[in-house]
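FYI, it's all coordinate maths here, none of it is from the lab. Not measured: the values here are computed from a predicted model. No Cβ is skipped: glycine too gets one built from the backbone with ideal geometry, and neighbour counts run over all protein chains shown.
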Amino acid sequence: MAPYRLTTIRILATLFWLAIAGAPLALPACAASPQKAGSSAVPAVIDINRASVEDFARLPGVGPKLAQQIIDYRTKQGPFRRVEDLMIIKGIGSKKWKALRPFVCVGCGASRR
């Protein structure tokens, strides 16, 4: 089988399993819609290297304690290199990371609100 066909098959299989699992598909940071002030329905995309405890606490599945753990880790270890580095933090496993992924980025500019 040609290599491009294997890549296409893998992409389609991944999309199929994401659709079945109900996982949200991540939009690029530039496609995220701006939020109205006071709106808490869907959080905006945030830069995990610049976000505050309050910014993290707005994300799905992140409370004040976990938000503080993220800040403490970032302060101690330095800036995150990629969003997958969040999984190093106790309390963020693959399931929670998948829920957070559409709302976080590294180096996407200032925290968006």
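The residues of the stretch 88-109 that are loosely packed, with under 13 Cβ neighbours inside 10 Å and part of a helix (DSSP H, G or I), listed by number, are Ile88, Ser94, Lys95.
Could you look through the stretch 45-77, keep only residues that are assigned to a helix (DSSP H, G or I) and aliphatic (A, V, I, L, M), and pick out the one that is farthest from Cys108 (Cα to Cα)?
Pass one, the stretch 45-77, residues assigned to a helix (DSSP H, G or I): 53-57, 64-77.
Of the ones still in play, those that are also aliphatic (A, V, I, L, M) are 53, 57, 66-67, 70-71.
On the way: Val53: 18, Ala57: 19, Leu66: 22, Ala67: 19, Ile70: 18, Ile71: 18 Å.
Among those residues, the one meeting the criterion is Leu66.
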